[in-house]
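Below is one structure; the comments refer to it alone.
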Amino acid sequence: QVQLVESGGGLVQPGGSLRLSCVASGSIFGIGSMGWYRQAPGKQREPVATITNGGRTNYVDSVKGRFTISRDNAKNTVYLQMNSLKPEDTAVYYCNANIRISAISLRSNDYWGQGTQVTVSS
């Protein structure tokens with residue numbers, strides 16, 4: 001019943017920028033942490049950046065200083081601003097959100113977007 005819809009991926013030259021967006025919709029009571037993960041061919045999926053519902057952020061070392069994660073709680077949206085992109089950033093990027101769907105139950109679950117391709121190449 002919950003859906004995460006991503007946008008903003010594409011092909012960009014090294015040194016360029018992209019901004020990814022992810023909107024959560026459906027039966028949502030509340031959203032906790034959100035984040036962006038990526039998976040390159042032949043590699044395991046890794047967390048790129050996460051953000052709590054209070055705004056605390058964490059980044060993988062390889063993107064620190066280049067990527068910025070942010071969120072708009074009123075819009076159930078998380079963003080990833082990617083600057084100074086490198087070929088090593090090429091991967092499928094997935095949106096993640098921990099979501100509570102019930103007004104009665106305190107249980108929350110992780111939901112994932114479909115993934116969006118980011119390709120950095122000259």
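The values are calculated or read from the model by the stated rules, or taken from the named source; none is laboratory data. These numbers come from a predicted model, not from an experiment. For neighbour counting, all protein chains shown are included, and Cβ atoms are generated from backbone atoms with ideal geometry for every residue, glycine included. With ligands, DNA and RNA removed, areas are computed over all heavy atoms of the protein, side chains included. Shrake-Rupley method; radii C 1.70, N 1.55, O 1.52, S 1.80 Å.
Remarks
- Residue in the stretch 40-59 that is touching a residue at least 24 places away in the same chain (Cβ under 8 Å), surrounded by fewer than 16 Cβ atoms within 10 Å (Cβ to Cβ), part of a loop (DSSP other than H, G, I, E, B) and at positive phi present: no
- Of all residues making up the stretch 106-122, the number that are among the charged types (D, E, K, R) and either closer than 19 Å to VAL63 by Cβ or surrounded by 11 or more Cβ atoms within 10 Å (Cβ to Cβ) (or both): 1
- Condition met for ALA103 (among the hydrophobic types (A, V, I, L, M, F, W, C), part of a helix (DSSP H, G or I), over 14 Å from VAL5 (Cα atoms) and open to solvent by 40 Å² or more (accessible area, probe 1.4 Å)): no
- Residue selected from the stretch 80-97 under the condition more than 12 Å from the chain's Cα centre (by Cα) and in contact (Cβ under 8 Å) with a residue 60 or more places away in the chain, by the criterion surrounded by the most Cβ atoms within 10 Å (Cβ to Cβ): LEU85
- Listed by first and then second residue, the pairs linking a residue in the stretch 101-122 that is closer than 30 Å to PRO14 by Cβ to a residue that is aromatic (Phe, Trp, Tyr), with Cβ atoms under 7 Å apart and 6 or more places separating them unless they lie on different chains, are TRP112/TYR94; GLY113/TYR94; GLY115/TYR93; GLY115/TYR94; THR116/TYR93; VAL118/TYR93.
- The residue of the stretch 68-78 that is farthest from SER121 (Cα to Cα), among those that are in contact with a Phe, Trp or Tyr (Cβ under 9 Å, 6 or more places away or on another chain) and touching a residue at least 24 places away in the same chain (Cβ under 8 Å), is ARG71.
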